[in-house]
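**Student:** Can you read through this structure? Questions will come right after.
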Amino acid sequence: MADATSTGKSGKVVIKNIGLLLSGDLDRPILDADTIVVHDGLITSVGRAADCDTSEPATLIDARQTCVAPGLIDSHVHPVFGDWTPRQNQIGWIDSTMNGGVTTMISAGEVHLPGRPKDIVGLKALAITAQRAFDNFRPGGVKVLAGAPVIEQGMVEQDFKDLADAGVKLLGEVGLGSVKAGQEAQRMVAWARKHGIQSTIHTGGPSIPGSGLIDKDVVLEADADIIGHINGGHTSLPEAHVCELCERSSRAIEIVHNGNEKVAIAAAQMALQLKCPHRVILGTDGPAGSGVQPLGILRMVAMLSSLAGIPAELVFCFATGNTARIRNLNCGLIEPGRAADFVFMDKAQHSAGKGLLESVQLGDIPGVGMVMIDGLVRCGRSRNTPPATEIPVVL
């Protein structure tokens, strides 16, 4: 079973001898630095060893010239309770995903709960319960931002205020419930936004019983904050419609693992063509009928880098800093004041690439050597990735 949230503090942590430091920031994806200093879970300094206070750490990590990047963020998951998913009757999927470098997950709705309540009182109660439960319990140390109600017909503005007052900050995918018309969705999305709740809309064909087609016109009219799985989950809209959404909407472009891969590539390339790569974020859309993907975000990075022709250091930003900024998270970027959530990676053993970035651009996923959340080491060499050529060492 996964561990509950650690109540301990990391103290002072020094990470030295970093070979490649990815920032998560599209404007400066690679940092000229080899050292990170952390105090009680927050980054305090980033730079060259000679310029950082590295004295008397509680934990000293030799990165052994491997790559350090912000912990990956999965922008689209469907948790239920604890580290179990009834969709695949699998235990430990969140901890397993942490072994794939993911340190933060964002719920797009707890839709797989058997007997999920669809009345307004019940859906509000479920959202509040899920938010509270995952706030108190972190499987594998992963930060799961849950409690994302699926909106239903009959909801009024007071319902959204009630949810916000109770601590709910997300809406589940618009379109998975009875609200499927653009005008009706737009009204509820506006209420949610007014009360500080961020919204995501389902895009494409139906995914689960009760859901339906959400076409480009509904997506544009609803104007949710996130165009959820723009490449379909699973079934995509026509590629031309997806490109039109990228062009006509200013909202986040979410590309997922459990969608149409050809359209995923087209959406990413369109975002670059439109000069708005900062809008692109990545998710898995799992657990789903296709299963659980512990390495889903890494696979997305490798796919978009190799097949869409986007430099790997930029695609890593899609999975970290872009999501952090769009989702208002204090992680995803390596800079002072941010959470010390890191993934240590190196090229997989015997990859044709000369280094980590080249190996990813050739289509290979990297090996994870360590994952750190809030300055605490959560795993060493990953049990799921191919073995990394080199791994960091706690001295």
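Values in this text are rule-based calculations from the coordinates and carry no lab data. Keep in mind that what you see is a predicted model, and the values were worked out from it rather than measured. Note: ideal-geometry Cβ built from the backbone for every residue, glycine included; neighbour counts use all protein chains shown.
**Student:** When the Cα atoms of segment 35-85 are enclosed in a convex hull and the volume is divided per residue, what value in Å³ results?
**Tutor:** 151 Å³
**Student:** How many nm is it between the label spots at E335 and K262, if each spot is 7 Å from the Cα in line with the beta carbon?
**Tutor:** In this crude label model, E335 to K262 measures out at 4.0 nm.
**Student:** Using all Cα-Cα distances in the chain, what percent lands in each 20 angstrom bin from 0 up to the longest?
**Tutor:** Each 20 Å bin holds this share of Cα pairs: 31, 58, 12, 0.
**Student:** Based only on Cα atoms, what mean projected area does the convex hull of segment 70-189 have, in nm²?
**Tutor:** 7.5 nm²
**Student:** Once you have the Cα-Cα distance between D62 and R132, take 0.36 nm times their residue separation minus that, and quote the gain in nm to one decimal.
**Tutor:** Extra length from D62 to R132 when fully extended: 21.5 nm.
**Student:** Let me have the 222 nm mean residue ellipticity of the chain computed from DSSP H runs of 4+ only, each contributing -39500 (n - 2.57), with the sum over all residues rounded to the nearest 500.
**Tutor:** -8000 deg cm²/dmol
**Student:** In addition: Compute the long axis of helix 261-273 from its Cα atoms, compare it with the longest principal axis of the Cα atoms of the chain, and write down the angle in degrees, 0 to 90, nearest 10.
**Tutor:** 80 degrees
**Student:** Applying a 10 Å radius around every beta-carbon, put 373-382, 296-305, 115-124 in order of their mean neighbour count, most first.
**Tutor:** 296-305, 373-382, 115-124
**Student:** Next up: For segment 86-98, just list the computed ³J(HN,Hα) in residue order, Karplus coefficients 6.51, -1.76 and 1.60, θ = phi - 60°, integers in Hz, with x standing in for Gly and Pro.
**Tutor:** x, 4, 10, 6, 10, 9, x, 5, 6, 4, 5, 5, 4
**Student:** Right, next: Under a no-solvent Debye model with one identical scatterer per Cα of segment 126-165, what's log10 I(q)/I(0) at q = 0.35 Å⁻¹?
**Tutor:** Normalising to I(0) and taking log10 leaves -1.17.
**Student:** When the convex hull of the C-alpha atoms of segment 11-154 is computed, what volume per residue in Å³ does it have?
**Tutor:** Roughly 135 Å³ of hull volume per residue.
**Student:** Using Cα pairs closer than 8 Å and at least 6 residues apart in sequence, work out the relative contact order for the chain, in percent.
**Tutor:** 20 percent
**Student:** Something else now. Out of all DSSP beta bridges in the chain, what portion is antiparallel? Express it as a percent rounded to 5.
**Tutor:** 55 percent
**Student:** Taking every pair of Cα atoms in segment 260-386, average 1/r, invert it to obtain the Kirkwood radius, and report Rg/Rh to two decimals.
**Tutor:** Answer for segment 260-386: 0.96.
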